[in-house]
Each structure stands twice: as structure tokens, then as C-alpha cells.
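A short reminder: the numbers here are calculations on the coordinates, not readings from a lab. Because the structure is predicted, anything quoted here is derived from the model rather than measured. Neighbour counts run over all protein chains shown; Cβ positions are idealised from the backbone, glycine included.
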Amino acid sequence: MPKTLLVGEEQQSKPSVYGAAIDYAVESGQQASMIFDPKKAKGGLKVEVKGPNNEKIRHSTNKRPDETTEISFKPTGVGEYRVELEFNSNPFGGDLNIYNTIAYKSKFCIL
């Protein structure tokens, strides 16, 4: 399904999330990772990952020298995973938070 991408000064200055876990399928049990880029905005990042039964999934965050943060977790089975991000106490990227894991592969969908 094609995606429409608008690139302008305003979009380039807003924080964003990108990476393999958003762009490609990942096998269940394998690490899923994404990058949060604050685009020079200062503030705190809060991450919570929930599994298919609304249980908390262990995740890690790693602040990198370029001020981006790598977020990673391992899907433990089949179902829907929700990655909730808050930046400066505000919910971030509501349409990038649902990740479906099916069969032996994880499929990440933008809803």
C-alpha cells in the first residue's frame, strides 16, 4: 500500500520514529528496534511496550551520541503489541503504535 510523505520545513523539525521494526517484518522472538529522533528538541522520553494480553513487555532504550534513542524489545508470541511513547509528557505518534505478530513472524502495521 503506498504511503504519502509530506516533506517540508515543519515536518523536518518535528520529532520522528523510524527503523526496521516499523519498515520490515521481524520474526517472533527476534529483537525489534526503532529509533526516536527528537530533532534537537529537548525533553524526556517515556516508553512502554504491552503485549497481546496487555502485559508489560521488557524493553530497552539506548541514548546514542547523535541524541537519538534506540528502542528495542522482543515479541514473545503471536498477537498485537502496543509501543506507547511520550515525549515531554505528551503522547507521541499515535498512528505508529500498533504492531501485529502473526505465526512465526512479526508484522508491523501502521494503523
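Figures for the structure shown
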item: 5 angstrom amide H check on Gly19, placed H, neighbours 5+ away; result: Ile35
item: Residues Glu55, Glu84, sorted so that the one with the fewest Cβ neighbours within 10 Å comes first; result: Glu55, Glu84
item: Neighbourhood net charge (12 Å Cβ-Cβ; Lys/Arg +1, Asp/Glu -1) for Thr68; result: 0
item: Projected-area average for region 34-91 over all orientations - Cα convex hull basis, square nanometres; result: 4.2
